[in-house]
Each structure stands twice: as C-alpha cells, then as structure tokens.
Amino acid sequence: MKKITILIALMITSLGFAQQVVIENFEDPTNYKLENGFGGLKSSITTDPASGGTNLNVLKLEVSAAGGSQVWQGESLLPQNSKIKVTTDKTVKVDVYSSVAFTLMCKVEQGTGPNAGASKAYTTPGQWQTLTFTFTEGRDFTGTANGEYSKFVFFPNWKDDNTNFKSPPVALTLYVDNITAEKAVIVPVIDPVPATAAPKPQLQNASGVASIFSNLYTNIAINEWPTGWSSGTSSDVQIAGDDTKKLKLADFIGIDFQGSPINATNMDRWHMDFWVEEANLDGKVFNVKLIDFAGTAAEVTPTHVYNFQSVGTNPVIESGRWVTIDIPLKAGFGKSDIKQAVIISNLKGPIYIDNFYLYNSTLGTKSFATVGVKMHPNPTTGRVTIEAKNIIERVSLHNVLGQEILVRNPNTQATTLDISSLQAGVYVVKTTVDGKVASSRVVKK
C-alpha cells in the first residue's frame, strides 16, 4: 500500500511540472535569430571548442575591453518556433564553456510577464558546465519572471558579487549551447484572406492610364516596393487567380518609381481597391500619399494626401469587403512628376490592394447614343431609367466635381436610379455595357 501511495504522489508531481526541453542548440539557423552582438560584443556560430567535444555548433561570445565598448555588452537570442516558458518552473539551463572562471548574467525579455535577470558562476575552466538560472533574483533591477518570453539575453560582463556590470569591461571569450527550459509553442497566426478577387474596374482608355499595380494595364517600372525606409512588408499573392499585393504595415509602406515618373497633368482621377478585416475600426485610418518631385531631386510640398476612416470619408474603411477608391485628384497640388506613393495605416491586420492607377476619365468615353443606351425622363424630378440592348454591368452617378455619389451593378438591360434626394443641378451618368464605358448628362429639377 505504501509503494502505491508513493507512486501516485510521484505521478501527481510529474503532472504538475512540464518537462524542460532544449529550446536552442544552434544546429538549424532557421530556428533562431541573433542580434549580432551589442555594446561591443562580437558573436558568431562556431564548432565545439572542447578537445573531442560533441556539441557540434555552438554560440561564441567575445567580450571586448577596447575603448568605446559598453559595460552592458551582450547578445540576444530570439527563438523563432517557440517561446521560453517561465511560470511554475522559474529555471533555464545553459551549457557554458570558457578558459577562465567568470559570472554570467542572463535575462528573459519580451514576454507576457516582467523582464527578469538571473546570474550564475562558471567555475570549471576548460570544461563544459551546465548553469541553471533561476529567474526570481531580479538582477539588474528586474522583476520575477512569470510568463512566456521570446528573447533570451546573455551578459558575460557581470560582477562576481552580483552588484552590477564590470567597469571597465574585461575581455572574455565564452561559448554557450543547449538553452533548455519549459517550452511554449508559438501558434502561427493565420492571416485573413479575401474570399473573392478585387472587383474589376471600368475599363479606361489605356493611353490615359498610369498603372502602378493592376492586371488591367501595363504597369510602370517600380524601383522599390517596399522602399528601404518603409516600416512594413509587401508580398505578391493571388486571390481567386488575380494578382494582388498583401501589405503588413508597422506604420507605412513606400513605393518608389523614380525611374518611371508619372506625369498626371492630363489626369483627373485615381483608383485603388483595398480589403481589410478588423473587428474594431474606431480610430483606424488608411491614407494614401502621392509624392510629386516637380523636376527636383526630392519631394516638394504640398503633396497629394488622401485620408480614409471608418466614418465621415468617401469612401469609408469597411471590414471584410473590398472597398473601391475612385476619386478626383486633388486640386492645388503638383502632379507633373509623381515619383513615389506611400500607404500609411494603423490597421493591425494585413491590407490587400489591387488596381492602383491614375487616369484621365474623359478619354475613350462614348456618348449614350453611340452605344445604344437610352435614358429617360431627362430632365427629371426624381427617378431616371437607363436602358440598353445588352446587359448593363455598371452604372454610376457623378457630380460636377467628378465625385462618384451613387453606383449600381444591375446586370440587367434596364435599371432605375432614384435621385430625388439630390439637389437640383446637372449630373453625369456613366454606364458599362460589354466592357465599354459611355456617359451622358442628366438634369435634376
């Protein structure tokens, strides 16, 4: 009976503590990232320095005592496929080798709990020694670890009495391997993806289009996307067979086409389709900036800046659907030498964009009469009916400034627009039939 009780107690104990595993042994460079030393320390991956050693690849750290080196010099390890879990079990083990005795201080950082530091003396010169760091000591004015951490930092220039860093720093070479701790697996974040491709825009006369990114037209040559000064990433993806750009912004992404500047002097509108999926759009912005160089070597002011939010803009940001921007180029801005565009946003998730181009909306647009489209009554006090011999794919209403104020995709041979709520005046109706765009004026009494 006594043996059974002891066995049950051991089983309960084993269930209460997760097993430690080797988080990193430096054999697979895709499993980790290093900051390549800071404060003057040099780091590199090398082979086991011990005679007849079996540790294969190890991390070599070289502390510098040269002028300009910082007392807090060290190296950061960032595991890529897991985190270091320091909750119930507060320890992390590290194998260390050096030719001299010294004290090593380590920290766990970038976690769900406070940063924590712990130290341990290496006492076996010329041999590998496993050091156990207990992150309850609060070294270097830190707290007690309690969470999952994505960064492990080595500080070899620590005083033996645990009071601070050695000052001035003392030259030292050491090797570390087999960082062992409880493991928290990083669950990959699966980005949302649009279910459908971006809507196909009205086809414009290609001679009046400068396309930055679209399958509809020949794109201008891009020098950089994203630019080297961007704080985000960009990748090419396909959505339902359509080429699309996927952007992840930390703040902004720049697009540079200085080798193919856009002269938009004869262009009056620009177009872009974008898609986001975010639960709360309050305070979110999606801004697009067109940068004119005006024949100089740098941006000139003022520049074209267009702001879109979840309320109060045209269009507004919406979640889980393609939003089409097709608006006039702003007046009062230079547009003869546009060489860059910048997308600025605080949206957390990926942003998908397509059909980004500037164009002249007056080129190639035919009248209703030439394509067999009829509209009546005109003038009208409220409703106006548009009829065609073939399917009307799209119909839109524009004010005298060129702003699109109403759009329909009827996919029928006849459709009716209710403009009774609009102010009296002249408006332009545009239709797309068999891919051909036609327009006519309608008078609202």
**OP:** Looking only at region 114-132, decide whether some residue is modelled with pLDDT under 95 and closer than 28 Å to V187 by Cβ.
**Re:** no
**OP:** Evaluate region 147-162: report whether one residue or more is crowded, with 18+ Cβ neighbours inside 10 Å, within 34 Å of the chain's Cα centre (by Cα) and polar (S, T, N, Q).
**Re:** yes
**OP:** Considering only region 255-298, state which residues are under 22 Å from P328 (Cβ atoms) and aromatic (F, W, Y).
**Re:** F257, W270, F274, F286, F293
**OP:** Report, by residue number, each residue of region 207-252 that is touching a residue at least 60 places away in the same chain (Cβ under 8 Å) and of a type in the set (V, I, T).
**Re:** V209, I212, T227, V237, I239, T244
Original post:
Does D268 qualify as being within 26 Å of N205 (Cα to Cα), among the acidic types (D, E) and at pLDDT 95 or above?
Top reply: no
**OP:** Could you tell me which of the residues E224, E182 is acidic (D, E), in contact with a strand residue (DSSP E or B) (Cβ under 6 Å, 6 or more places away or on another chain) and either under 30 Å from V407 (Cβ atoms) or surrounded by fewer than 20 Cβ atoms within 10 Å (Cβ to Cβ) (or both)?
**Re:** E224
**OP:** Only residues that are over 17 Å from the mean Cα position of the chain (by Cα) and either buried (at least 21 other Cβ atoms within 10 Å of the Cβ) or outside any loop (DSSP other than H, G, I, E, B) (or both): list them for region 285-296, please.
**Re:** K289, L290, I291, D292
Subject >> Those strands (runs of 3 or more DSSP E) lying entirely in region 232-284 with at least 1 residues surrounded by 17 or more Cβ atoms within 10 Å (Cβ to Cβ) and hydroxyl-bearing (S, T, Y) >> reply: 232-239, 242-249
Subject >> When residues of region 407-428 are limited to those that are aliphatic (A, V, I, L, M) and modelled with pLDDT of 90 or more, the one surrounded by the most Cβ atoms within 10 Å (Cβ to Cβ) >> reply: L417
Subject >> Failed condition for I84, given (1) touching a residue at least 24 places away in the same chain (Cβ under 8 Å); (2) in contact with a Leu (Cβ under 7 Å, 6 or more places away or on another chain) >> reply: (2)
Original post:
Restricting to region 306-357, what's the tally of residues that are over 16 Å from F274 (Cβ atoms), part of a strand (DSSP E or B) and at pLDDT below 95?
Top reply: 1
Original post:
Checking T46 against (1) in contact (Cβ under 8 Å) with a residue 40 or more places away in the chain; (2) surrounded by 13 or more Cβ atoms within 10 Å (Cβ to Cβ); (3) part of a strand (DSSP E or B), which test does it fail?
Top reply: (2)
**OP:** Specify which of the listed residues (E277, E299) is within 20 Å of the chain's Cα centre (by Cα), of a type outside the set (K, R) and modelled with pLDDT under 95.
**Re:** E277
**OP:** Considering only residues that are in a loop (DSSP other than H, G, I, E, B) and under 25 Å from T112 (Cβ atoms), look in region 57-88 and name the one that is farthest from the chain's Cα centre (by Cα).
**Re:** T88
Original post:
Quick one: which of G40, G53 is modelled with pLDDT of 90 or more, assigned to a loop (DSSP other than H, G, I, E, B) and closer than 14 Å to Y175 by Cα?
Top reply: G53
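The values are calculated or read from the model by the stated rules, or taken from the named source; none is laboratory data. This one's a predicted model, so the numbers in the text were calculated from it and none came from an experiment. Here the Cβ is made from the backbone with ideal geometry for all residues, glycine too, and neighbour counts use every protein chain on show.
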